[in-house]
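Asks: Got a structure here, written out as structure tokens. Questions coming.
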Amino acid sequence: MLNRSPAMALLSPLLLCALPASADPTDEESAEEQEIIVLGTRGARGDRTLSSGPVTEKMSQSSRSVERDLLTAAGVYRLGDALELISGVSSQNNRGGMLDNFAIRGFLGTPDGGAEYYVDGFLANRGMAPPRDPATAERIELLKGPAGALFGDVDPGGRVNIVTKTPGFAPAASATLTFGAFGTRRIELDATVPVSTKLAGRMVVAGEDSDGWRDFVTLKRRVVSPSLTWRPIEGVRLTYIGEITRFDAPFDRGVPAIAGDANAAPRHAYYGEPSDGVTRFRNNRHQVTALAKLGGEWVLNGGLAWRTGSLRGFSSDQSRLVNGRTLWRQRRSRDFVVDDLSARIELAGQIGAHRLSLGAKGYLLDYAERWMRRNPSAAMPYAIDVFAPVHGGVQPELLPFTDNRERRWSGTLYLQDMWELGSRLTLGGGIRFDAYRQQIRNNRTGATGRTTGEPVHFRLGARYRVNQAIALHANWGESFLLNSGTDRFGRGFAPERGKGHELGITGAWTGIDVALTWFDIRKQGILTNDPIDSNYLAPIGSLKSRGIEMDAAIKLAGRWQVVANYAWTRARTDDSSFATDRVLNVPEHAGTLFVLGRFRDAAGRGPSFSAGLSYVGDRAGGIDGSGLVLPAYVKAKAAAEYALSSAINLRAEIDNLFDARYAHSSYSPVWIFPGQPRTARVSMRLEL
């Protein structure tokens with residue numbers, strides 16, 4: 001789709017600069033600079049071409065990194081499972097099971113595209129992307145607040161960055177086989193091997209099939225992720241990461257609320273049509289990053305990422321509930337295609353007490369959305385009974401609905417500085433300049449909307465170390481984000497803009513890390529479902545969120561690990577066109593407690609036990625005047641492992657241990673995704 005000539009003209013200067021020669025083999029920072037709180041055990045220091053840098057790790061004291069061992073111990077099978085371990089994250093509409101979607105500090109992504117997240121420092125779901133498979137992740141970073149910068153990108157709420165497994169120079173291999181309830185079968189293979197002293201490779205493969213806990217809703221997922229690391233000369237490293245994802249499942253809009261009760265409909269019932277088949281999501285990503293030490297404290301790193309994807313399929317989505325049990329349905333087809341090419345380069349180093357970073361980045365996006373649909377009517381309701389669904393009715397003929405093609409050209413320059421004023425006080429600041437052009441063409445009407453701009457944004461921060469254990473921090477910053485899509489009149493949207501600040505205190509003692517943060521953020525131009533016609537999106541005039549977050553990580557006696565968090569989040573809109581000022585799916589109160597105990601001998605044999613509780617408070621389930629509330633719930637999990645040796649590990653786990661009935665998230669009163677019932681799994685892991 002994308003014209004490669006202008007793409008390469010834009011990006012070639014960055015590529016040429018990304019391959020210099022120089023001095024030292026790695027870019028790992030000293031341990032004292034890695035002050036971001038690590039949940040779990042970090043096996044190796046981070047690759048700065050893929051993850052947050054030392055400035056962010058020192059200044060963003062509310063940020064967290066969930067490491068590979070904790071992802072495994074907590075039974076993480078989707079991105080949302082990992083984010084439960086960090087305060088201030090709430091689940092959002094999953095677009096028929098086709099995306100990962102969440103809100104951070106009360107701020108949500110668009111209902112169609114979901115919250116933006118990064119993989120290895122590049123935005124990974126611009127336009128769209130399928131749900132992430134955890135098998136490829138080495139760790140998951142949640143970079144919060146204005147100081148949580150990732151290669152110049154800042155959001156006062158926060159940004160998620162998933163760091164992929166990359167090769168090591170020691171051979172290793174593992175295989176994990178999992179069987180679970182509802183016909184779940186899953187296999188993960190992971191092997192890394194040094195080809196020479198300068199070249200190493202890794203391959204991660206995962207496959208999952210499930211009959212599904214909801215009627216007719218199966219799952220077939222495949223991921224292949226090859227990677228290479230090459231160190232041609234001392235001080236230079238190049239890393240290639242590939243990822244090929246295939247995700248097939250029926251499009252599933254969940255269940256409707258009955259008489260204002262989000263949990264009244266049978267949670268297993270499927271109200272689509274099995275004859276619509278599966279929706280097929282395809283996503284391919286290829287990324288090359290390079291790093292070179294220039295001598296002294298100076299490092300140059302850069303990279304190029306190219307992602308292509310498509311989503312195609314049919315669905316029968318509930319549209320209107322009549323007489324308390326009859327669902328009228330709308331039939332749709334989807335044909336989406338994305339082509340996203342991006343590049344970046346950053347020079348970082350130290351001059352006296354100043355740690356400086358200067359960067360440039362850009363991307364080209366080509367995104368096509370083609371929809372067809374047929375709305376129900378009294379003459380053709382295309383109906384199904386909520387309590388006794390019968391499938392196989394005559395399907396209405398589809399009519400043209402939306403045929404948009406969006407193109408974006410964007411370039412960014414940024415500069416940041418962290419200034420050490422003695423041993424206690426550190427100041428930080430950054431400036432970012434964006435130049436962008438966005439064009440959305442309606443291929444049905446020929447109308448074309450264009451948006452251009454050159455905004456400048458700033459951020460400031462300070463950190464004061466009271467003593468060796470306690471530190472105070474304060475951060476302020478601005479954000480900017482382009483919106484995709486068109487409203488019910490076919491018009492494009494203005495960019496989303498935000499401002500926010502936070503104040504906090506952290507404490508770090510041997511085996512104990514605690515943090516308390518207060519934040520206040522306001523954004524304009526956030527998209528949500530249109531309160532007049534939920535088939536379209538509409539911007540919220542202004543959304544303000546303020547709250548308190550508490551996080552704690554405790555390690556005791558070398559055997560026990562405790563992760564706990566709590567968030568009070570008051571998110572409200574001030575747009576009179578919406579019937580309620582509450583924000584969809586964002587609870588005022590939420591918290592998690594997870595406890596892990598390991599009891600292994602010197603040979604690596606022995607048991608491990610873990611248990612977790614998650615509480616999610618009441619949330620708005622609709623913004624259409626229905627007043628729908630998704631009730632609060634508590635969900636528990638437990639697991640037991642036994643290592644027969646250092647190479648063989650057996651595991652049994654149960655999610656939703658007490659089979660709580662709950663609404664996971666909602667888009668509207670007729671699109672509520674129910675929580676998964678009690679689910680048991682057993683697995684065996686082999687390591688070489």
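The values are calculated or read from the model by the stated rules, or taken from the named source; none is laboratory data. If you're wondering where the values come from, they're calculated on a predicted model, not measured in any experiment. Counting neighbours? That spans all protein chains shown, and the Cβs are built from the backbone with ideal geometry, glycine included. Heads up: the accessible areas ignore ligands, DNA and RNA and are worked out on the full protein's heavy atoms, side chains in. Shrake-Rupley method; radii C 1.70, N 1.55, O 1.52, S 1.80 Å.
Asks: Somewhere in region 198-208, is a residue outside any loop (DSSP other than H, G, I, E, B), farther than 19 Å from residue 165 by Cα and among the small types (Gly, Ala, Ser)?
Replies: Checking region 198-208: not a single residue is outside any loop (DSSP other than H, G, I, E, B), farther than 19 Å from residue 165 by Cα and among the small types (Gly, Ala, Ser).
Asks: Related question: Counting just the residues of region 614-637 that are surrounded by 16 or more Cβ atoms within 10 Å (Cβ to Cβ) and hydrophobic (A, V, I, L, M, F, W, C), which one comes out modelled with the lowest pLDDT? Even if it seems obvious, please write down each step before you answer.
Replies: Taking region 614-637 and keeping what is surrounded by 16 or more Cβ atoms within 10 Å (Cβ to Cβ), we get 614, 616-617, 619-624, 626, 628-630, 633, 635-637.
With the extra rule that they be hydrophobic (A, V, I, L, M, F, W, C), the set shrinks to 616, 620, 623, 628-630, 636.
Values: 616: 98, 620: 94, 623: 85, 628: 95, 629: 96, 630: 97, 636: 98.
Only one residue fits best here, namely 623.
Asks: Name the single residue that is nearest to residue 83 (Cα to Cα) among those in region 559-581 being open to solvent by 50 Å² or more (accessible area, probe 1.4 Å) and in a strand (DSSP E or B).
Replies: Restricting attention to region 559-581, the residues satisfying the condition of being open to solvent by 50 Å² or more (accessible area, probe 1.4 Å) are 559-560, 566, 568, 570, 574, 576-577, 579, 581.
Next cut, in a strand (DSSP E or B) only: 560, 566, 568, 570.
Working: 560: 21, 566: 13, 568: 16, 570: 19 Å.
Among residues in region 559-581 that are open to solvent by 50 Å² or more (accessible area, probe 1.4 Å) and in a strand (DSSP E or B), the one nearest to residue 83 (Cα to Cα) is 566.
Asks: Now for a different question. Does residue 126 count as without any contact (Cβ under 8 Å) to a residue 60 or more places away in the chain, open to solvent by 10 Å² or more (accessible area, probe 1.4 Å), not in a strand (DSSP E or B) and not acidic (Asp, Glu)?
Replies: no
Asks: Right, residue 646: among the hydroxyl-bearing types (Ser, Thr, Tyr), surrounded by fewer than 22 Cβ atoms within 10 Å (Cβ to Cβ) and either in a strand (DSSP E or B) or more than 25 Å from the chain's Cα centre (by Cα) (or both) or not? Even if it seems obvious, please write down each step before you answer.
Replies: Values: among the hydroxyl-bearing types (Ser, Thr, Tyr): yes; surrounded by fewer than 22 Cβ atoms within 10 Å (Cβ to Cβ): yes; either in a strand (DSSP E or B) or more than 25 Å from the chain's Cα centre (by Cα) (or both): yes.
Here the answer is yes, as residue 646 does meet what is asked.
Asks: I've got another one for you. Which one of these does residue 182 not meet: (1) of a type outside the set (D, E, K, R); (2) within 30 Å of residue 482 (Cβ to Cβ); (3) outside any strand (DSSP E or B); (4) touching a Ser or Thr at 6+ places or on another chain (Cβ under 7 Å)?
Replies: Among (1) of a type outside the set (D, E, K, R); (2) within 30 Å of residue 482 (Cβ to Cβ); (3) outside any strand (DSSP E or B); (4) touching a Ser or Thr at 6+ places or on another chain (Cβ under 7 Å), the lone unmet condition for residue 182 is (2).
Asks: Identify the single condition in (1) surrounded by 14 or more Cβ atoms within 10 Å (Cβ to Cβ); (2) within 27 Å of residue 311 (Cα to Cα); (3) touching an Asp or Glu at 6+ places or on another chain (Cβ under 9 Å) that residue 383 does not satisfy, given that it satisfies every other one.
Replies: So residue 383 meets the others, but not (3).
Asks: From the list 405, 441, 432, pick out the single residue that is assigned to a strand (DSSP E or B), open to solvent by less than 60 Å² (accessible area, probe 1.4 Å), of a type in the set (D, E, K, R) and at negative phi.
Replies: Numbers: 405 fails: open to solvent by less than 60 Å² (accessible area, probe 1.4 Å); 441 fails: open to solvent by less than 60 Å² (accessible area, probe 1.4 Å).
432 is the lone residue from the list that is assigned to a strand (DSSP E or B), open to solvent by less than 60 Å² (accessible area, probe 1.4 Å), of a type in the set (D, E, K, R) and at negative phi.
Asks: Filter region 652-670 down to the residues that are touching a strand residue (DSSP E or B) at 6+ places or on another chain (Cβ under 9 Å), charged (D, E, K, R) and in a loop (DSSP other than H, G, I, E, B) and list them by number. Explain how you work it out, then say what you get.
Replies: Going through region 652-670, the residues touching a strand residue (DSSP E or B) at 6+ places or on another chain (Cβ under 9 Å) turn out to be 652-658, 660-670.
Within this subset, residues satisfying the condition of being charged (D, E, K, R) are 653, 655, 661.
Matches in region 652-670: 661 only.
Asks: Being modelled with pLDDT of 85 or more and touching a Gly at 6+ places or on another chain (Cβ under 6 Å) is the filter here; which residues of region 478-494 pass it?
Replies: Passing the criteria: only 479.
Asks: Name the one entry in 321, 294 that is within 22 Å of residue 53 (Cα to Cα) and touching a Leu at 6+ places or on another chain (Cβ under 8 Å). Spell out how you get there, then give the answer.
Replies: Numbers: 321 fails: within 22 Å of residue 53 (Cα to Cα).
That would be 294, the only listed residue that is within 22 Å of residue 53 (Cα to Cα) and touching a Leu at 6+ places or on another chain (Cβ under 8 Å).
Asks: When you scan region 547-577, how many residues do you find that are farther than 27 Å from residue 145 by Cβ and either among the hydrophobic types (A, V, I, L, M, F, W, C) or in contact with a Phe, Trp or Tyr (Cβ under 7 Å, 6 or more places away or on another chain) (or both)?
Replies: The first filter runs over region 547-577 and keeps only residues farther than 27 Å from residue 145 by Cβ, leaving 556-560, 576-577.
Going one step further and asking which of them are either among the hydrophobic types (A, V, I, L, M, F, W, C) or in contact with a Phe, Trp or Tyr (Cβ under 7 Å, 6 or more places away or on another chain) (or both), we end up with 556-557, 559-560.
Of the residues in region 547-577, 4 are farther than 27 Å from residue 145 by Cβ and either among the hydrophobic types (A, V, I, L, M, F, W, C) or in contact with a Phe, Trp or Tyr (Cβ under 7 Å, 6 or more places away or on another chain) (or both).
Asks: Can you tell me which residue in region 294-349 is most open to solvent (accessible area, probe 1.4 Å), limited to those that are within 30 Å of residue 239 (Cβ to Cβ) and assigned to a loop (DSSP other than H, G, I, E, B)?
Replies: Filtering first and then ranking leaves 297.
Asks: In this structure, does residue 275 turn out to be open to solvent by 60 Å² or more (accessible area, probe 1.4 Å) and out of contact with any Pro (no Cβ under 6 Å at 6 or more places or on another chain)? Write out each step before concluding.
Replies: Numbers: open to solvent by 60 Å² or more (accessible area, probe 1.4 Å): yes; out of contact with any Pro (no Cβ under 6 Å at 6 or more places or on another chain): yes.
Spelling it out, residue 275 is indeed open to solvent by 60 Å² or more (accessible area, probe 1.4 Å) and out of contact with any Pro (no Cβ under 6 Å at 6 or more places or on another chain).
Asks: Given region 493-558, what strands (runs of 3 or more DSSP E) lie entirely inside it while holding 3 or more residues that are among the charged types (D, E, K, R)?
Replies: Values: elements: 496-509, 512-524, 526-529, 537-540, 543-556.
Hits in region 493-558: 496-509, 512-524, 543-556.
Asks: Looking only at region 461-475, filter to residues that are without any contact (Cβ under 8 Å) to a residue 60 or more places away in the chain and touching a strand residue (DSSP E or B) at 6+ places or on another chain (Cβ under 6 Å); which one of those is nearest to residue 355 (Cα to Cα)?
Replies: As a first pass, look at region 461-475 and keep what is without any contact (Cβ under 8 Å) to a residue 60 or more places away in the chain: 462, 464-470, 472, 474.
Those left that are additionally touching a strand residue (DSSP E or B) at 6+ places or on another chain (Cβ under 6 Å): 462, 464-465, 469-470, 472, 474.
Numbers: 462: 14, 464: 17, 465: 18, 469: 23, 470: 23, 472: 20, 474: 19 Å.
Among residues in region 461-475 that are without any contact (Cβ under 8 Å) to a residue 60 or more places away in the chain and touching a strand residue (DSSP E or B) at 6+ places or on another chain (Cβ under 6 Å), the one nearest to residue 355 (Cα to Cα) is 462.
Asks: While we're here: If you check 646, 683, which single one turns out to be within 25 Å of residue 268 (Cβ to Cβ) and either of a type in the set (S, T, N, Q) or in contact with a helix residue (DSSP H, G or I) (Cβ under 7 Å, 6 or more places away or on another chain) (or both)?
Replies: On the way: 646 fails: within 25 Å of residue 268 (Cβ to Cβ).
Being within 25 Å of residue 268 (Cβ to Cβ) and either of a type in the set (S, T, N, Q) or in contact with a helix residue (DSSP H, G or I) (Cβ under 7 Å, 6 or more places away or on another chain) (or both) holds for just one of 646, 683, which is 683.
Asks: Closer than 29 Å to residue 119 by Cβ, surrounded by fewer than 22 Cβ atoms within 10 Å (Cβ to Cβ), within 27 Å of the chain's Cα centre (by Cα) and of a type in the set (D, E, K, R), is that true of residue 285?
Replies: On the way: closer than 29 Å to residue 119 by Cβ: yes; surrounded by fewer than 22 Cβ atoms within 10 Å (Cβ to Cβ): no; within 27 Å of the chain's Cα centre (by Cα): yes; of a type in the set (D, E, K, R): yes.
No; evaluated as a whole, the condition is false for this residue.
Asks: Could you grab me the full set of residues in region 436-451 that are more than 30 Å from residue 413 (Cβ to Cβ) and either without any contact (Cβ under 8 Å) to a residue 40 or more places away in the chain or of a type in the set (Gly, Ala, Ser) (or both)?
Replies: In the first step, residues of region 436-451 are kept if they are more than 30 Å from residue 413 (Cβ to Cβ); the result is 442-447.
446, 447 - these are the residues of region 436-451 that are more than 30 Å from residue 413 (Cβ to Cβ) and either without any contact (Cβ under 8 Å) to a residue 40 or more places away in the chain or of a type in the set (Gly, Ala, Ser) (or both).
Asks: Then there's this: Just give me the residues in region 283-336 being without any contact (Cβ under 8 Å) to a residue 40 or more places away in the chain and more than 30 Å from residue 384 (Cβ to Cβ), in sequence order.
Replies: Passing the criteria: 306, 308.
Asks: Here is a check on your reading of the model: is residue 211 open to solvent by 40 Å² or more (accessible area, probe 1.4 Å) and of a type in the set (Asp, Glu)? Even if it seems obvious, please write down each step before you answer.
Replies: Details: open to solvent by 40 Å² or more (accessible area, probe 1.4 Å): yes; of a type in the set (Asp, Glu): yes.
Yes: the conditions hold for residue 211.
Asks: Given (1) hydrophobic (A, V, I, L, M, F, W, C); (2) touching a Gly at 6+ places or on another chain (Cβ under 6 Å); (3) in a loop (DSSP other than H, G, I, E, B); (4) open to solvent by 40 Å² or more (accessible area, probe 1.4 Å), where does residue 233 come up short, assuming only one miss?
Replies: Status for residue 233: all satisfied but (2).
Residue-wise test of (1) crowded, with 16+ Cβ neighbours inside 10 Å; (2) of a type in the set (A, V, I, L, M); (3) modelled with pLDDT of 95 or more; (4) more than 28 Å from residue 319 (Cβ to Cβ).
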| position | (1), (2), (3), (4) |
| --- | --- |
| 178 | yes, no, yes, yes |
| 186 | yes, no, yes, yes |
| 200 | yes, yes, yes, yes |
| 261 | no, no, yes, no |
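Asks: What residue, among those in region 350-372 that are surrounded by 19 or more Cβ atoms within 10 Å (Cβ to Cβ) and aromatic (Phe, Trp, Tyr), is farthest from residue 217 (Cα to Cα)?
Replies: Checked region 350-372; the qualifying residue farthest from residue 217 (Cα to Cα) is 363.
Asks: Please enumerate the residues belonging to region 141-168 that are among the hydrophobic types (A, V, I, L, M, F, W, C) and open to solvent by 10 Å² or more (accessible area, probe 1.4 Å). If you could, list the steps in order and put the result at the bottom.
Replies: The first filter runs over region 141-168 and keeps only residues among the hydrophobic types (A, V, I, L, M, F, W, C), leaving 142-143, 147, 149-151, 154, 160, 162-163.
If the condition is that a residue be among the hydrophobic types (A, V, I, L, M, F, W, C) and open to solvent by 10 Å² or more (accessible area, probe 1.4 Å), then 151, 154 are the ones that fit.
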